[in-house]
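Data block below; observations after.
The values are calculated or read from the model by the stated rules, or taken from the named source; none is laboratory data. No experiment lies behind these values; they were computed from the predicted model shown. Because the Cβ atoms are built from the backbone with ideal geometry, glycine has one as well, and the counts that use them run over all protein chains shown. Note: accessible area is taken over every heavy atom of the protein model, side chains too, but ligands, DNA and RNA are not part of it. Shrake-Rupley method; radii C 1.70, N 1.55, O 1.52, S 1.80 Å.
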Amino acid sequence: MPVTSETPTPRLPAVLVSPSSHAPLLAGMAISSFSALLLELALTRLFSVVLFYHFAFLAISIALLGMGSGGVAAYLGKKRLARIPTRTLLVVLCCINAIAIPLVLETVLHVPVSLELSRGNFLRLTTIYLSSALPFFVTGIEFSVIFARESGHISRLYGADLCGAALACLGVVPLLNWLGGPNAVLFAGAMAALAGVVWGAMGILRKTAAVLAVLLVSLIAANFSGRWIDIVYAKGMLRDRSWVEFSRWNAISRVEVDRQGEAKVVVIDADASTYIMNADPAEWHTTEWEQDLMSAPPALANVLRPHGAFAIIGPGGGVDVLRAVANGSPSVTGIEINPIIANTVMRGRYLDYSYHLYERPEVHIHVTDGRSFVRNAPQKFDVVQMTLVDTWASTAAGAFALSENSLYTVEAFRAYFDHLRDDGMIAITRWEFRQPREALRVVSVAMQALHELGVPDPSRNFMVVSQGELNEDGIPVVVLAKKSAFTAEEEQAVRAHIGTYPKLVALHLPSEPRENPFSALIARNDPYLFAQQYPYNVAPVYDNAPFFFFTLRLDQVLHGAGLDRGIDWKVNLGVAVLFMVFFISLLAVLAFLVVPLILGTGSGQQRAVPLLYFVAVGLGYILVEIAFIQRFVLFLGHPTYALTVVVFLLLLSSGAGSLASRRCLMRTRRLWIPLALIASALLLYVFLLPASLNRLIGLPFSAKLLVSAAMLVPLGFAMGMPFPTGLRALAGSAVREPGSEAESETAENRVEWAWALNAGASVLGSVLAMVVAIQFGLNATLALGSAAYLSAIGLARTLSPLPARRET
């Protein structure tokens, strides 16, 4: 399973498989590749629940480290491994993986990791990191042995490898939907055992692999309800499952319904929550629901537009929907991204409990991405509403970088304003604190969007109301924004409502600015200048860097002196956690890749400069891959789809490019051509890709897949050429060197170093890509990838010319 298609293989003594064994060998290769990549993708879903959204691409880093270190181990132990017949060795390795994968699952579920910057937390995170790398380490040995011993059939083996990995990309979404996160991991273990069955000859080893496969499938069946193996620790806290009534996984999130007294609460990824409404809208005036719902800040949208058409993004359990229907709205459009919440919970299991709220004639529920729906909606609305949507877990496909979902960017707010009627408004509710930053940033983003829509002075276009006085723990605050100025009658209606519900506090009204950051920002009418002088980073965010919730600057992350540590502190610690992961990755690369090669080969004889070429190529590839995953989130509608589609297309096209490089690049001096094409294309994408994807966002999903392929396949094809061509140049030097055996061994060692350094650069680059994107934006990440490929052009000249022969 190559995480990229550029994985080289160490040369081991040949122990050939008989020609009659080629079909099982290829089938086992595909199944093992399927298992490894499925495990990688399933871990991203599992980490988003058990750990935090900050660990977006931790699984990619783990897979790269494991595969690379497995190859190094195969090289260092090649003399011992050569004594074991190929099929025997492969079956043993598959059985080890079939046992290791369930153990990894148990480790991830039972080791609590918080966001504390402590020694104990560092050790626990390291435990998860290294234990999760074990199956990939074993797979790295498997593939190294196969490629080395069957080098005469490398094209077919590589094709089987790519087919298996591609099937895993296509299968991960339905498997997560059907089986859930833990069971998808167990399924990867069952596939590892099945590969052993296919590879094994008749005997005890093959029977052992078959027994392991049956046991794992039986365990999946027994755990189908999730009662045996499920979340134990989440976000560092022990989960009490005694109050859980319902739980289910899918590719988007893990959803459960908990009892809280007489109430039912939908909990998303063990963090975000939304109450299921248990009230009849026709009779709500006789219940406590009216008092509770109308005393909340989001109710001001219903006060000002009681009979308006609402578009509610992220309706969850129906709080905003019930309030809109009960106040007389003739049309309520709810856009819910998770089908488990919209269909299984609200229109299924809890249909009667919610008084059929989502099946009322005036309620229209759409299961899709909220921003994409509004962007393509043919109708216009009186109110576009979001209440505490995307609360740090709702769309976690891995990392926080993906969980943003681009709902709170300037481009998104422009789309919201564009789909309002002339007198319409947006109503965005966020948590707010004694030192405002979230709702304050909503004002900043909305102000910039209004400026770009031609409103030069929106000072009378905002009203801000909170549910009590701002405090350190955080309270809901609603920001109301219009394209036109609020009228005196609208302002008076808000005052009257606040008088009815005294716990509501006006933080800003057009005719009554207050002494607080909201009024100061609105009066300044320059969100960038205001943000420069404010303790938190509340500058507008764009799709290029849609990290709305990161409100600390880098120096503040490191010390945090004088800043509130409210419930959003864990979000702002994300950058610090990324540095922790980077440090762990650096230590792991040194310990499992670099040091073993130094001890095993004697580094003093190595030519260092040519090896830097492989560092540049590995760094460039992973930076580009991760930047594209993030960039395609909005276009494809969800992070899981972006991860699956981008990895699939790049993997398949890079494999084709790798195979084509054998004929297209018979001379090293031509290597600058694909490198220059890649660097140029990436720089072009920096300027053209965002606008192109935004214009095409309204296409059907099938058409979006074709567009994605058109954009990624040519680039991926070129990106598959540089690494194998450079590797062949190193390997070819062994053929040309007529000197001693030590000279030939030195050339071979350079091949191993190239692999190790490429894998190490990819591991570190997977974390670096997130840090750069958060601090400088996705365009900067792509530009950095382009710079890496440009540097490879110069370094390619240090490689030896390719031998005048064609590989088998």
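When Leu782, Leu706 are checked against the criterion of being open to solvent by 10 Å² or more (accessible area, probe 1.4 Å), among the hydrophobic types (A, V, I, L, M, F, W, C) and at pLDDT 85 or above, Leu706 stands alone in meeting it.
Which ones in region 496-515 are assigned to a strand (DSSP E or B) and either on the phi > 0 side of the Ramachandran plot or acidic (Asp, Glu) (or both)? Before the answer, list the steps.
Kept after step one, since they are assigned to a strand (DSSP E or B), are these residues of region 496-515: 504-509, 512.
Glu512, the sole residue that qualifies.
The C-beta contact set for region 80-98 (first residue farther than 25 Å from Leu215 by Cβ, second residue buried (at least 21 other Cβ atoms within 10 Å of the Cβ) and of a type in the set (Gly, Ala, Ser), distance under 8 angstrom, 6+ apart or interchain) comprises Leu81/Ala74.
Regarding Leu26, is this residue touching a Cys at 6+ places or on another chain (Cβ under 8 Å) and modelled with pLDDT of 85 or more? Criteria not met by Leu26. When Leu157, Leu175 are checked against the criterion of being buried (at least 18 other Cβ atoms within 10 Å of the Cβ) and over 25 Å from Glu256 (Cβ atoms), a single residue qualifies: Leu157.
In region 340-372, what count of residues is obtained for those that are in a loop (DSSP other than H, G, I, E, B), in contact (Cβ under 8 Å) with a residue 60 or more places away in the chain, open to solvent by 30 Å² or more (accessible area, probe 1.4 Å) and among the charged types (D, E, K, R)? It would help to see each step written out before you state the result.
We begin by selecting, within region 340-372, every residue in a loop (DSSP other than H, G, I, E, B); these are 350-356, 360-362, 368-369.
Now narrow it down to the ones that are in contact (Cβ under 8 Å) with a residue 60 or more places away in the chain: 350, 353-355, 360, 368-369.
Cutting the leftovers down to open to solvent by 30 Å² or more (accessible area, probe 1.4 Å) gives us 353, 355, 360, 368.
Keeping just the survivors that are among the charged types (D, E, K, R) gives 360.
Qualifying residue count for the region: 1.
If you take the residues of region 496-528 that are touching a helix residue (DSSP H, G or I) at 6+ places or on another chain (Cβ under 8 Å) and among the small types (Gly, Ala, Ser), which of them is least open to solvent (accessible area, probe 1.4 Å)? The extreme case among them is Ala506. Within region 112-139, residues that are in a loop (DSSP other than H, G, I, E, B) sit with their Cβ atoms under 8 Å from residues that are open to solvent by less than 40 Å² (accessible area, probe 1.4 Å) and modelled with pLDDT of 85 or more, at 6+ positions apart or across chains, in these pairs: Val113/Ile128. If I filter region 634-646 for residues that are touching a Cys at 6+ places or on another chain (Cβ under 6 Å) and either open to solvent by 10 Å² or more (accessible area, probe 1.4 Å) or modelled with pLDDT under 85 (or both), do I get at least one hit? The answer is yes; a qualifying residue exists.
For Val197, state whether it is under 21 Å from the mean Cα position of the chain (by Cα) and in a helix (DSSP H, G or I).
Numbers: under 21 Å from the mean Cα position of the chain (by Cα): no; in a helix (DSSP H, G or I): yes.
Criteria not met by Val197.
Among the residues making up region 276-323, a single one is in a helix (DSSP H, G or I), surrounded by fewer than 22 Cβ atoms within 10 Å (Cβ to Cβ) and at pLDDT 95 or above: Val303. Just so you know, in region 324-339 the residues that are part of a loop (DSSP other than H, G, I, E, B) and more than 26 Å from the chain's Cα centre (by Cα) include one that is nearest to Asn302 (Cα to Cα), and it is Asn327. Cβ-Cβ distances below 6 Å connect the following pairs, each with a first residue in region 516-535 that is at negative phi and touching a residue at least 24 places away in the same chain (Cβ under 8 Å), a second residue that is open to solvent by 50 Å² or more (accessible area, probe 1.4 Å) and part of a helix (DSSP H, G or I), and a separation of six or more residues or different chains: Phe530/Arg524.
Scanning region 202-230 for residues that are open to solvent by 60 Å² or more (accessible area, probe 1.4 Å) and assigned to a loop (DSSP other than H, G, I, E, B) yields Met202, Phe224, Ser225, Arg227, Trp228. Pull up region 529-549, narrow it to residues that are closer than 24 Å to Ala773 by Cβ and assigned to a helix (DSSP H, G or I), then point me to the one that is least open to solvent (accessible area, probe 1.4 Å). The selected residue is Ala531.
Looking for something surrounded by fewer than 24 Cβ atoms within 10 Å (Cβ to Cβ), over 25 Å from the mean Cα position of the chain (by Cα), assigned to a helix (DSSP H, G or I) and at pLDDT below 90 - is there at least one such residue anywhere in region 96-103?
Taking region 96-103 and keeping what is surrounded by fewer than 24 Cβ atoms within 10 Å (Cβ to Cβ), we get 96, 99-100, 102-103.
Next, only the ones that are over 25 Å from the mean Cα position of the chain (by Cα) stay: 96, 99.
Still in the running and assigned to a helix (DSSP H, G or I): 96, 99.
Now drop any that are not at pLDDT below 90, which leaves none.
No, there is no match, as no residue in region 96-103 is surrounded by fewer than 24 Cβ atoms within 10 Å (Cβ to Cβ), over 25 Å from the mean Cα position of the chain (by Cα), assigned to a helix (DSSP H, G or I) and at pLDDT below 90.
For region 248-266, name all the residues that are surrounded by fewer than 20 Cβ atoms within 10 Å (Cβ to Cβ) and at pLDDT 85 or above. Correct list: Arg248, Asp258, Arg259, Gln260, Ala263, Val265. When restricted to residues that are touching a residue at least 40 places away in the same chain (Cβ under 8 Å), of a type in the set (Val, Ile, Thr) and over 16 Å from Glu256 (Cα atoms), region 210-239 contains 1.
In a residue-by-residue description of region 497-507, the property of being modelled with pLDDT under 95, in contact with a Gly (Cβ under 6 Å, 6 or more places away or on another chain) and more than 15 Å from Leu480 (Cβ to Cβ) applies to at least one position.
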